[in-house]
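So the structure is just underneath, and the comments pick up after that.
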Amino acid sequence: MVGNLSNFTKIDVLRCLLRIEKPVSRSKLSKVLTLGEGTIRSILNILQEKDLLDSNNKGHYLSAKGNTIVKKIRNNINMKKIDLLNIFPTKKKIAIHIKNPDRIDKSYVLRDKAVKNGADGALILNYNKRLRLCDSDSEEDFSEIENKFDLEKNDLVIVTYADSYKLAEHGALAVVIGLNNDLRNIMRKFK
């Protein structure tokens, strides 16, 4: 008989890690991440095996090592749900601000990475006094997104959209992992 196949990805492990700020229960994480409690249990076990998580009767919380890693991630990215009504109004959208990306691929490569990881599509925006679509001369107004982040020259904002926040987030984080060496190295540890 074959054992159970895991029904989560490394990106789900990262999503979970980024949601743990104070002691939190498995059921709360299950709701927030839209993953089953058994899946959350498996992810929490991975995080505990990597010494990133501790637990007590109040729930699960980041260890000192986990806190250090999450701070490092948050120094490089800032992720938010957004409600851009003029862009794909029926879709759920996630925006991730990437501070000083290590490299910038062509926007279609980044969009394809988001789509391969669950998003329906992605907007790749570069900041230089204002947000603009990468690889485009378009003059669209993205001030609504600009106002949500503290942007500096050459920062990127990736906006992904899908039928669920989970899929939009998967796509956005996949793009970020491809653009940030620190995050890529952290993800390699989740084997």
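The values are calculated or read from the model by the stated rules, or taken from the named source; none is laboratory data. Only a predicted model underlies this, so the values are computations on that prediction, with no experimental measurement involved. Cβ atoms come from the backbone with ideal geometry, glycine included; neighbour counts cover every protein chain shown.
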Are any residues in segment 41-91 of a type in the set (A, V, I, L, M, F, W, C), in the same structural domain as Arg103 (by TED's automatic domain parsing) and assigned to a loop (DSSP other than H, G, I, E, B), and if so, which ones? Leu84, Leu85, Ile87, Phe88
Output the number of residues of segment 156-169 satisfying the condition of being in a helix (DSSP H, G or I), surrounded by fewer than 24 Cβ atoms within 10 Å (Cβ to Cβ) and not hydroxyl-bearing (Ser, Thr, Tyr). 2
Residues within segment 119-134 that are more than 21 Å from Lys92 (Cβ to Cβ) and either surrounded by 15 or more Cβ atoms within 10 Å (Cβ to Cβ) or in contact (Cβ under 8 Å) with a residue 60 or more places away in the chain (or both), tallied: 4
Write out, first by first residue and then by second, each pair whose Cβ atoms fall under 8 Å of each other, whose residues are 6+ apart or on separate chains, and whose first residue, in segment 137-160, is touching a residue at least 60 places away in the same chain (Cβ under 8 Å) and at negative phi while the second is part of a loop (DSSP other than H, G, I, E, B) and β-branched (Val, Ile, Thr). Val159/Ile87
Checked against (1) surrounded by 15 or more Cβ atoms within 10 Å (Cβ to Cβ); (2) within 19 Å of the chain's Cα centre (by Cα), Pro23 satisfies every condition except (2)
Only one residue in Lys106, Lys116, Lys189, Lys153 is exposed (fewer than 13 other Cβ atoms within 10 Å of the Cβ) and under 15 Å from Leu14 (Cα atoms). Which one? Lys189
Right, Gly38: in contact (Cβ under 8 Å) with a residue 24 or more places away in the chain, over 30 Å from Gly121 (Cβ atoms) and not in a loop (DSSP other than H, G, I, E, B) or not? no
